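Have a look at the structure below, then the notes.
The values are calculated or read from the model by the stated rules, or taken from the named source; none is laboratory data. These numbers come from a predicted model, not from an experiment. Backbone-built Cβ (ideal geometry, glycine too); neighbour counts: all protein chains shown.
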Amino acid sequence: MSADTIESRRAWLLSERPASRMQARLGRAYVAWRRFSANRLAFLGLLIIISLLVIAALAGVLAPYSPTFGDLKGSRLLAPCAEHWFGTDDLGRDILSRILYGSRWTLYVVILVAVIAAPVGLLVGTVAGYAGGWIDAVLMRVTDIFLAFPKLILALAFVAALGPGIENAVLAIAITSWPPYARIARAETLTVRNSDYIKAVQLMGASPFRIVLRHIMPLCISSLIVRVTLDMAGIILTAAGLGFLGLGAQPPLPEWGTMIASGRRFVLDQWWVAGAPGFAILIVSLGFNLLGDGLRDALDPRSGDQ
């Protein structure tokens with residue numbers, strides 16, 4: 001592709017007067033990508049998350065040993081070596097293999113919580129902000145009640161009521177994660193509900209349901225994506241905390257929090273048993289935080305083109 005062709009396409013994407021909605025959307029996406037790619041730390045976070053996705057997808061190929069069975073007699077609590085890069089645990093299981101398979105459970109928790117909590121918060125926030133009055137007061141007071149409790153403590157209460165297990169842990173974390181999204185969506189809705197754009201849609205006869213669904217919710221998506229990405233680290237830590245307390249994933253599932261719990265007895269002498277999954281949590285949480293910071297800068301409409 002010649003330099004003239006690349007320059008013409010770039011000029012088409014950056015046109016101040018796009019000829020179609022598609023051109024406008026592609027232009028905004030291109031500008032956001034330029035801002036994001038210019039942030040090296042954000043790009044590093046993206047690489048970490050992509051690596052996590054690849055590892056989770058290819059765990060069965062990458063893992064050298066079984067994540068649930070080990071050699072209890074000959075491979076118990078081995079230090080990191082050529083055969084077992086991250087050592088083995090008290091049951092002779094290869095820790096590297098368990099971490100690789102555990103990435104699947106981490107993604108399972110993160111994705112399900114985001115799929116459940118984000119739409120609930122978006123719906124509650126936009127309805128409260130657009131309707132106002134007693135509806136807004138009731139929904140926001142319910143939101144304040146959830147925000148009044150620490151997330152981990154509230155998740156512990158829900159898991160204790162529902163029973164231990166990875167599915168119940170996901171549900172409990174989702175129940176405690178939606179209030180911040182509702183607050184953000186409400187704030188975004190309050191800024192646009194009296195705008196000329198919404199007034200014009202109302203004059204055209206659109207119902208409140210259609211206005212919220214088709215015209216207000218899309219305006220809140222970018223802010224919600226940034227907040228969800230930044231919350232991923234907290235979700236991972238909450239899931240690991242529940243697993244550490246025995247209320248999340250149950251053995252022999254190779255969930256990172258459960259692995260730390262089983263290795264805390266050997267943390268002084270065999271540090272790798274708890275240290276390896278703890279380091280995995282650190283790296284993935286850092287990746288999500290860096291990615292969220294980059295998305296926040298890239299999707300901020302007040303940022304200038306760099």
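Of the residues I225, I236, I221, only one is within 20 Å of L96 (Cα to Cα), under 16 Å from the mean Cα position of the chain (by Cα) and in a helix (DSSP H, G or I); which?
Values: I225 fails: within 20 Å of L96 (Cα to Cα); I221 fails: within 20 Å of L96 (Cα to Cα).
That would be I236, the only listed residue that is within 20 Å of L96 (Cα to Cα), under 16 Å from the mean Cα position of the chain (by Cα) and in a helix (DSSP H, G or I).
Determine, yes or no, whether L291 is out of contact with any strand residue (DSSP E or B) (no Cβ under 9 Å at 6 or more places or on another chain), at pLDDT 90 or above and in a helix (DSSP H, G or I).
In short, yes.
Run down R214, R227, R264 and say which single residue is out of contact with any strand residue (DSSP E or B) (no Cβ under 8 Å at 6 or more places or on another chain) and closer than 28 Å to P164 by Cβ.
The conditions single out R264.
Just to check your reading of the model, which residue among G133, G102, G92 is farther than 25 Å from S222 by Cβ, more than 28 Å from the chain's Cα centre (by Cα) and crowded, with 16+ Cβ neighbours inside 10 Å?
It is G92.
Which one is surrounded by the fewest Cβ atoms within 10 Å (Cβ to Cβ), of the residues in the range 252-262 that are touching a helix residue (DSSP H, G or I) at 6+ places or on another chain (Cβ under 7 Å) and outside any helix (DSSP H, G or I)?
Result: L253.
Taking into account only those residues within the range 37-68 that are closer than 18 Å to I281 by Cβ and among the small types (G, A, S), which is surrounded by the fewest Cβ atoms within 10 Å (Cβ to Cβ)?
By that ranking, first place goes to S51.
So which of E83, E167 ends up being farther than 21 Å from L245 by Cβ and either modelled with pLDDT under 90 or of a type outside the set (A, V, I, L, M) (or both)? Talk me through it step by step, then tell me what you get.
Details: E167 fails: farther than 21 Å from L245 by Cβ.
Going through E83, E167 in turn, the sole match is E83.
Quick one: count up the residues across the range 200-217 that are surrounded by fewer than 16 Cβ atoms within 10 Å (Cβ to Cβ) and within 15 Å of G132 (Cβ to Cβ).
2
A quick yes/no check of all residues on (1) free of Cβ contacts under 8 Å to residues at least 60 places away in the same chain; (2) part of a helix (DSSP H, G or I):
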residue	(1), (2)
K199	yes, yes
L213	yes, yes
T229	no, yes
Q250	no, no
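Pick out the one residue from A172, A182 that is closer than 17 Å to I235 by Cβ, in contact with a Phe, Trp or Tyr (Cβ under 7 Å, 6 or more places away or on another chain) and buried (at least 22 other Cβ atoms within 10 Å of the Cβ).
A172
Any idea which of V159, V115 is within 30 Å of L52 (Cα to Cα), among the aliphatic types (A, V, I, L, M) and within 18 Å of the chain's Cα centre (by Cα)?
Exactly one residue qualifies, and that residue is V115.
Which residues, counting only those in the range 2-44, are farther than 19 Å from L290 by Cα and either outside any helix (DSSP H, G or I) or acidic (D, E) (or both)?
Listed by number, the residues that qualify are S2, D4, E7, L14, S15, E16, R17, P18, A19, S20.
Can you give me the number of residues within the range 111-130 that are closer than 21 Å to L190 by Cβ and surrounded by fewer than 16 Cβ atoms within 10 Å (Cβ to Cβ)?
1
Return the residues of the range 15-43 that are touching a residue at least 60 places away in the same chain (Cβ under 8 Å) and not polar (S, T, N, Q); say none if nothing qualifies.
Of all residues in the range 15-43, those touching a residue at least 60 places away in the same chain (Cβ under 8 Å) come to 31-36, 38-39, 41-43.
If the condition is that a residue be touching a residue at least 60 places away in the same chain (Cβ under 8 Å) and not polar (S, T, N, Q), then V31, A32, W33, R34, R35, F36, A38, L41, A42, F43 are the ones that fit.
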